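The values are calculated or read from the model by the stated rules, or taken from the named source; none is laboratory data. As the structure is a prediction and not an experimental result, all values here were calculated from the model. Cβ atoms come from the backbone with ideal geometry, glycine included; neighbour counts cover every protein chain shown.
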Amino acid sequence: MSAPENDRIARLSAAAQRIRGYALHMGEVQGQGYIGQALGVADILAVAYGDQLRFRPEDPQWEDRDRFLLSIGHYAIALYAALAEAGTIPLEELDSYGSDESRLPMSAMASYTPGVEISGGSLGHGLTVATGMALGLRHLGNPARVFNLLSDGELDEGSTWEAAMACAHHGLDNITAIVDVNALQADGPTAGVLRTEPVLDKWQAFGWHALRVDGNDIAALVSAFDEIADHQGAPSVLICDTRIGCGVPLLMEREKAHFMRVEEHEWQIARTQLEEGSPR
Amino acid sequence: MTTTHHTTHQATSQASTAPTHARPAKLKTSAMIASFADPGQKTTPAPFGHALNQLAEQRPEIVGLSADLAKYTDMHIFRDKHPERFFQMGMSEQSLLGTAAGLAEVGLVPFASTYSVFATRRAYDFLCLDIAEPGLNVNVVGALPGLTTGYGPSHQATEDIAILRGCPGLTIVDPCDAVDIEQAVPALAAYDGPTYLRLLRGAVPRVLDEYDYTFQLGKAAELRTGRDVVLISTGLMTMRALQAAERLEADHVDVAVLHVPTIKPLDTEAVLAVARTDRLVLTCENHTVVGGLAESVASTLAFAGVGNRIVPVALPDEFLAAGALPTLHDRYGLSTDSIVSRVRAELQASGRTGGDAGEPPSL
Ligand SMILES: Cc1ncc(C[n+]2csc(CCOP(=O)(O)OP(=O)(O)O)c2C)c(N)n1
Ligand SMILES: [Mg+2]
């Protein structure tokens with residue numbers, strides 16, 4: 001790898017670690033939550049916000065911004081961490097995560113959370129709204145791109161596939177779906193709840209330019225995103241296999257749970273493990 | 001397509017120190033695991049799941065299904081006991097209700113669970129046309145009805161009754177507590193038609209066993225009589241209404257409570273019997289003021305030519321905030337305190353007083 005490329009990876013890896021740190025901090029504020037998902041998706045968000053998206057952190061309403069739609073409202077903890085890293089949300093505000101009167105509720109809201117494009121919480125909406133934004137931007141001659149982060153659980157919803165078909169039909173190459181395949185959903189492992197594999201084949205069959213990478217490998221994410229940015233004529237999807245709790249062995253090794261319990265004394269251990277840069 | 005996407009923004013680099021960790025204890029969003037039970041209150045774990053198991057022993061045609069929310073709707077109790085009679089549909093609520101209809105079409109009696117918001121907002125077309133129109137014995141079970149989570153508008157089913165009341169032939173039940181749920185489950189299965197149960201899940205308060213009460217589908221029950229005020233209440237608000245009545249009794253205000261667990265069909269006879277009165281009448285519901293109990297009672301009175309004013313205790317016609325459940329119940333007027341002060345204010349404003357006129361209100 002070239003020296004500038006190495007720098008790029010190193011810079012994004014450092015950002016991903018900070019995003020994990022902020023997420024742990026918010027998890028501790030609430031004493032519970034979707035921390036496993038946040039740690040798993042941190043690398044994707046670091047690359048998206050630190051490398052791929054055109055946006056102005058101080059002006060979240062800028063007309064020409066690339067739109068990043070979080071389908072999965074419960075991943076808000078991860079998005080807030082990424083928006084704090086990006087400079088859209090002040091770091092101190094993370095203290096208020098999930099508290100009364102906060103702009104950072106456990107599920108992000110388009111009406112009052114800075115940098116948030118859609119109101120989250122009900123799954124399987126994101127790609128439909130992304131479709132409209134992509135159609136509309138193209139219609140208006142605005143070159144901004146639309147990204148939608150969705151979860152493997154959202155592949156259960158018919159609406160996701162309705163939108164997928166529409167994106168391909170309309171040739172929306174300004175849209176990029178990112179699917180976080182952490183192999184888990186609310187009632188347990190995805191394979192046992194509702195089989196979604198083969199995920200890559202499904203998207204391809206729906207007419208998408210589809211890639212699959214290790215979603216915790218920054219270099220792989222960067223080159224996949226670069227490839228997608230150049231792809232024309234069809235919508236693209238980046239399927240990311242991620243590890244729940246990535247970067248914090250304590251949470252990686254624990255029984256996988258959609259809503260992870262973390263004891264009070266464990267937060268410090270988690271922080272230490274993250275700072276030590278424990279193997280992932 | 002633009003290729004300029006690397007140029008405008010580079011992530012601002014920031015010190016890696018997380019924000020300070022010293023902070024005062026804050027009320028937390030009780031989120032998905034919220035309980036509305038008062039501290040120290042008698043509760044029963046997962047009454048729905050256990051009642052369904054018991055029923056399943058007697059009725060082999062009972063089946064259960066969920067849309068990736070078995071664990072969060074107490075359906076896991078049934079799933080674990082009767083794995084061969086439980087069908088996991090994944091997170092696909094339309095498919096859940098369509099499948100439930102199919103199961104009923106071939107002679108089974110399904111209980112299909114998800115959150116209330118998804119059963120109503122997401123899958124209503126399937127509920128309406130596939131379940132209600134053919135009049136199937138499908139029992140739709142919606143958890144987190146009204147304001148029973150602090151997670152925000154996506155999960156707060158503030159208008160589920162309003163959506164469903166217009167559905168012909170659908171029976172809607174809003175239970176108060178574990179007793180109601182335990183007795184409602186077999187009644188819903190026994191009734192040969194479509195139903196919607198507003199599920200209370202987890203550690204559910206147990207209050208109605210202190211009263212001479214049994215759940216009867218379609219029937220309201222007067223849990224206490226009273227000369228000054230009538231509270232017509234449904235769902236968990238009956239628990240609050242009973243608490244408010246006790247508090248007001250200490251101020252010598254005599255409060256009757258009519259519990260209306262079946263919202264539709266409404267027991268209009270019982271409603272008219274208590275509301276045709278010169279007492280102060282309030283309705284209490286865990287639902288928006290639009291299209292729920294208050295308007296059901298109001299239309300019942302108006303249609304019968306009764307011109308009495310009623311005072312609604314209900315959620316405002318707004319998207320609600322996220323936050324801790326007790327904070328939200330206070331803010332939006334569902335707490336026992338709110339009922340008590342509403343009653344006092346209304347008594348004062350209307351020049352009515354309780355039995356002991358002039359007694360200063362003590363809060
Ligand atoms: C439409 C809808 N149905 C159900 C839910 C409840 N729910 C919240 S998260 C979740 C699991 C979805 O799978 P995924 O996002 O892959 O879960 P995770 O990886 O975070 O465990 C479910 C069923 C919801 N939020 N929205
Ligand atoms: Mg998942």
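The residues in the range B:62-99 that are at the interface with another protein chain (Cβ under 7 Å from one of its Cβ atoms) and either more than 15 Å from ligand 1 (Cβ to nearest atom) or on the phi > 0 side of the Ramachandran plot (or both) can be counted, and the count is 2. Taking the listed residues B:Val141, B:Val117, the one that is at pLDDT 95 or above, in a strand (DSSP E or B) and in the same structural domain as B:Leu188 (by TED's automatic domain parsing) is B:Val141, with no other qualifying.
Here A:Ala10 qualifies as more than 18 Å from A:Glu93 (Cβ to Cβ) and in a helix (DSSP H, G or I). Within the range A:224-256, being within 12 Å of another protein chain (Cβ to nearest Cβ), surrounded by 14 or more Cβ atoms within 10 Å (Cβ to Cβ) and either outside any helix (DSSP H, G or I) or over 19 Å from the mean Cα position of the chain (by Cα) (or both) holds for A:His231, A:Ala234, A:Pro235, A:Ser236.
Have a look at B:Tyr213, B:Tyr151, B:Tyr196 and point out the one that is in a loop (DSSP other than H, G, I, E, B) and away from chain A (no Cβ under 14 Å). Show your work before the answer.
Details: B:Tyr151 fails: away from chain A (no Cβ under 14 Å); B:Tyr196 fails: in a loop (DSSP other than H, G, I, E, B).
Among B:Tyr213, B:Tyr151, B:Tyr196, only B:Tyr213 is in a loop (DSSP other than H, G, I, E, B) and away from chain A (no Cβ under 14 Å).
Cβ-Cβ contacts under 6 Å between residues 6 or more apart (or on different chains), taken from a first residue in the range A:136-154 that is under 17 Å from A:Val237 (Cα atoms) to a second residue that is among the charged types (D, E, K, R) and within 16 Å of ligand 2 (Cβ to nearest atom), are listed as A:Ser151/A:Asp180. Name the single residue that is nearest to the other protein chains (Cβ to nearest Cβ) among those in the range A:117-149 being of a type in the set (Gly, Ala, Ser) and in contact with a Gly (Cβ under 9 Å, 6 or more places away or on another chain). By that ranking, first place goes to A:Gly121.
Within the range B:105-123, the set of residues being free of Cβ contacts under 8 Å to residues at least 40 places away in the same chain and either surrounded by 24 or more Cβ atoms within 10 Å (Cβ to Cβ) or within 21 Å of the chain's Cα centre (by Cα) (or both) comprises B:Arg122, B:Ala123. Every condition in (1) buried (at least 24 other Cβ atoms within 10 Å of the Cβ); (2) away from ligand 1 (no atom under 11 Å from the Cβ) holds for A:Ala78 except the one numbered (2).
Of all the listed residues (B:His76, B:His50), the sole one being farther than 22 Å from B:Tyr191 by Cα and modelled with pLDDT of 95 or more is B:His76.
All told, A:Ala191 falls short of being more than 10 Å from ligand 1 (Cβ to nearest atom) and under 14 Å from A:Pro235 (Cα atoms).
Go through (1) under 23 Å from A:Arg11 (Cα atoms); (2) under 14 Å from the mean Cα position of the chain (by Cα); (3) at the interface with chain B (Cβ under 8 Å from one of its Cβ atoms) for A:Glu92 and report which single condition fails. Evaluating A:Glu92 over (1) under 23 Å from A:Arg11 (Cα atoms); (2) under 14 Å from the mean Cα position of the chain (by Cα); (3) at the interface with chain B (Cβ under 8 Å from one of its Cβ atoms) leaves (2) as the failure. Total residues in the range A:182-223 satisfying the condition of being within 13 Å of chain B (Cβ to nearest Cβ), part of a helix (DSSP H, G or I) and within 12 Å of ligand 2 (Cβ to nearest atom): the figure is 3. For the range A:117-170, the set of residues classified as away from ligand 1 (no atom under 16 Å from the Cβ) and at positive phi consists of A:Gly141 only. With respect to the conditions (1) at pLDDT below 95; (2) over 26 Å from B:Arg206 (Cβ atoms), B:Pro316 falls short on a single one, namely (1).
Consider A:Glu85 carefully, then state whether it is surrounded by fewer than 24 Cβ atoms within 10 Å (Cβ to Cβ) and at pLDDT 95 or above. In short, no. Condition test on A:Ala16, is it more than 9 Å from every other protein chain (Cβ to nearest Cβ) and buried (at least 24 other Cβ atoms within 10 Å of the Cβ)? Yes; evaluated as a whole, the condition is true for this residue. In the set (1) among the β-branched types (Val, Ile, Thr); (2) surrounded by fewer than 24 Cβ atoms within 10 Å (Cβ to Cβ); (3) touching a helix residue (DSSP H, G or I) at 6+ places or on another chain (Cβ under 6 Å), the condition left unmet by B:Val204 is number (2).
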